[in-house]
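Working notes, beginning with the structure itself.
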Amino acid sequence: MLRKLLIGVAVIATLVAGVGTARLVLPWTDPTRGVPKQLAFLRAEIEHGADRNAQKLFPEGYFFLNVLYGLSWVQVGVSDPKQAADATLQVRWALDRLDSPEGTAPFDQSLQPRYGIFYAGWTNWLLGGLIALGQADADERSRFTSDSVAIATAFRTAETPFLPAHPGQAWPVDSVVAIASLRLYDAVVAPRFGQFARNWVTSMKTKLDPATGLLPHQVVPHVTGARGSSQAMIQRFLVDIDPTFARAQYQLFKDKFVTGLGVREYPKGSAGPGDVDSGPLVLGMSLSATVVGMGAARAHHDSLGNRLSRTGELVGLPFSGLKTKRYLFGAVPIGDAFLAWSTSARPLVATDQPAIESSSGWWRLPWLVLLWLPALLLWGALRLRHRGRRRKRAH
């Protein structure tokens with residue numbers, strides 16, 4: 001019985017290793033083709049309260065699940081104009097949820113801009129994406145203008161390039177998203193905020209983390225050094241603000257945070273605890289930073305994006321049915337939302353970024369070892385056991 005059990009486990013381990021190897025080494029198909037299926041799964045989950053459940057996990061859970069759902073549809077519709085009409089309807093649905101009392105509840109409406117720079121920036125980016133789909137109505141275009149002006153006014157009257165997301169709390173990444181939304185306005189409506197954005201970049205450069213040359217993680221109530229979870233997001237949006245500066249920042253980000261296994265939460269050579277931003281850390285790696293980093297790589301046309309996508313298809317346990325696709329059995333919809341957004345990532349303003357070929361095939365080696373080691377050990381144990389039994393019979 002023990003031998004039969006070991007053989008069964010060895011066969012399963014071999015099949016798992018074979019499937020994993022195929023996902024790592026076979027010719028790569030376009031992963032974005034599965035995004036509409038992911039979004040179909042997410043729509044059903046949101047309608048059944050997944051966004052409210054996400055709110056229990058972290059302070060912006062409800063908002064993030066809905067905004068990422070809408071932004072993923074923007075990217076699908078911009079990349080494939082045949083889907084623009086459907087994408088427009090889905091983005092409007094997401095915007096309605098962000099504008100609802102549940103969407104605004106975590107934010108303080110007394111801040112400037114209203115509800116703080118996190119809410120204002122992400123909502124304005126989604127609204128700009130709606131305009132980019134080419135089917136927005138006059139009211140939506142008017143709102144995009146007024147909200148963009150409100151964001152620019154808040155920056156002009158502030159003494160810092162980083163506005164608060166909540167009273168007494170400010171993270172530079174939120175201001176980066178907001179400034180990117182103004183550059184998107186210039187691209188899809190009319191040139192208006194170009195000089196303002198350039199002035200903001202000049203001011204922002206004086207606030208870089210001296211240890212890494214990157215933007216800090218947090219600046220109010222205290223300044224903290226660069227971290228992978230916020231840096232991955234910053235690199236995703238900075239490319240649409242200042243492509244040249246963004247490329248230099250992206251290279252620094254890769255040098256200091258990206259490893260063969262994923263994206264670190266703290267720079268190489270340092271360590272720290274995980275928190276609500278990073279999620280649990282495994283060997284210093286942040287899953288959230290790695291998933292968002294995949295999107296940043298795609299926005300920079302870096303082959304690292306495909307490498308991280310393959311890794312996600314390996315460890316994320318994807319299941320694709322006729323109409324839906326989910327990861328980890330659909331247990332964490334907010335994770336599926338980040339994956340859909342990162343898998344379909346593309347710049348909306350800086351569309352002419354040069355490509356980066358940065359990945360050789362050697363990154364697969366550690367994963368192949370992890371995949372095949374259990375199977376090889378099991379078959380080796382069976383072989384040794386068989387030899388032992390033969391020797392006993394011979395004596």
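Residue count for region 322-375 under the criterion of being of a type in the set (D, E) and surrounded by fewer than 22 Cβ atoms within 10 Å (Cβ to Cβ): the result is 2. When S79 is tested against (1) in contact with a Lys or Arg (Cβ under 8 Å, 6 or more places away or on another chain); (2) crowded, with 19+ Cβ neighbours inside 10 Å; (3) farther than 17 Å from Y119 by Cα, only condition (2) is not met.
The criterion of at least 3 residues that are under 12 Å from the mean Cα position of the chain (by Cα), within 27 Å of T202 (Cβ to Cβ) and not β-branched (V, I, T) is met, among helices (runs of 4 or more DSSP H) falling completely within region 219-303, by 228-238, 287-299. L214 fulfils the conditions (1) in a loop (DSSP other than H, G, I, E, B); (2) over 26 Å from the mean Cα position of the chain (by Cα) except for a single criterion, (2). Within region 245-263, the set of residues being modelled with pLDDT of 95 or more and either over 16 Å from L215 (Cβ atoms) or in contact with a His (Cβ under 6 Å, 6 or more places away or on another chain) (or both) comprises Y250, V258. Any residue at all in region 35-50 that's without any contact (Cβ under 8 Å) to a residue 24 or more places away in the chain, part of a helix (DSSP H, G or I), out of contact with any strand residue (DSSP E or B) (no Cβ under 9 Å at 6 or more places or on another chain) and over 16 Å from S344 (Cβ atoms)? Yes: region 35-50 contains one or more residues that are without any contact (Cβ under 8 Å) to a residue 24 or more places away in the chain, part of a helix (DSSP H, G or I), out of contact with any strand residue (DSSP E or B) (no Cβ under 9 Å at 6 or more places or on another chain) and over 16 Å from S344 (Cβ atoms). Within region 183-193, if we keep just the residues that are surrounded by 12 or more Cβ atoms within 10 Å (Cβ to Cβ) and either touching a Gly at 6+ places or on another chain (Cβ under 9 Å) or of a type in the set (G, A, S) (or both), the residue that is farthest from D242 (Cα to Cα) turns out to be V189. With respect to the stated conditions, F237 is crowded, with 23+ Cβ neighbours inside 10 Å and either of a type outside the set (S, T, Y) or modelled with pLDDT of 95 or more (or both). As for region 242-251, it holds no residue that is farther than 19 Å from P161 by Cα, touching a residue at least 60 places away in the same chain (Cβ under 8 Å), buried (at least 20 other Cβ atoms within 10 Å of the Cβ) and in contact with a helix residue (DSSP H, G or I) (Cβ under 8 Å, 6 or more places away or on another chain). Quick check: is even one residue across region 153-160 in a helix (DSSP H, G or I) and surrounded by 22 or more Cβ atoms within 10 Å (Cβ to Cβ)? Yes, region 153-160 contains a residue that is in a helix (DSSP H, G or I) and surrounded by 22 or more Cβ atoms within 10 Å (Cβ to Cβ). Within region 204-214, track down each residue that is surrounded by 14 or more Cβ atoms within 10 Å (Cβ to Cβ), among the small types (G, A, S) and on the phi < 0 side of the Ramachandran plot. Once the filter is applied, which keeps residues that are surrounded by 14 or more Cβ atoms within 10 Å (Cβ to Cβ), among the small types (G, A, S) and on the phi < 0 side of the Ramachandran plot, region 204-214 yields nothing.
Answer yes if at least one residue in region 304-312 is surrounded by 19 or more Cβ atoms within 10 Å (Cβ to Cβ), under 20 Å from L214 (Cα atoms) and β-branched (V, I, T), and no otherwise. For region 304-312, residues surrounded by 19 or more Cβ atoms within 10 Å (Cβ to Cβ), under 20 Å from L214 (Cα atoms) and β-branched (V, I, T): absent. Within region 21-65, the set of residues being among the aromatic types (F, W, Y) and under 17 Å from the mean Cα position of the chain (by Cα) comprises F58, Y62, F63, F64. Working only within region 325-351, note down all residues that are under 14 Å from the mean Cα position of the chain (by Cα) and assigned to a helix (DSSP H, G or I). Passing the criteria: P333, I334, G335, D336, A337, F338, L339, A340, W341, S342, T343.
Candidates T324, T311, T351: the one that is under 25 Å from L261 (Cβ atoms) and of a type in the set (S, T, Y) is T311. Of the helices (runs of 4 or more DSSP H) lying entirely inside region 52-141, the ones with 2 or more residues being farther than 23 Å from V173 by Cβ and of a type in the set (D, E, K, R) are found at 84-99.
Could you tell me which numbered condition T29 fails, if it satisfies all but one of (1) modelled with pLDDT of 85 or more; (2) over 20 Å from L377 (Cβ atoms)? Among (1) modelled with pLDDT of 85 or more; (2) over 20 Å from L377 (Cβ atoms), the lone unmet condition for T29 is (1). None of T202, T206 is without any contact (Cβ under 8 Å) to a residue 24 or more places away in the chain and closer than 21 Å to S181 by Cα except T202.
Check region 55-63 and report whether any residue there is farther than 29 Å from P161 by Cα, of a type in the set (A, V, I, L, M) and in contact with a helix residue (DSSP H, G or I) (Cβ under 8 Å, 6 or more places away or on another chain). Yes; the residues of region 55-63 include at least one that is farther than 29 Å from P161 by Cα, of a type in the set (A, V, I, L, M) and in contact with a helix residue (DSSP H, G or I) (Cβ under 8 Å, 6 or more places away or on another chain).
For L322, the criteria (1) within 14 Å of G34 (Cβ to Cβ); (2) in a helix (DSSP H, G or I); (3) of a type outside the set (S, T, N, Q) hold in every case but one, which is (2).
The values are calculated or read from the model by the stated rules, or taken from the named source; none is laboratory data. Because the structure is a prediction, the values reported are computed rather than measured. Backbone-built Cβ (ideal geometry, glycine too); neighbour counts: all protein chains shown.
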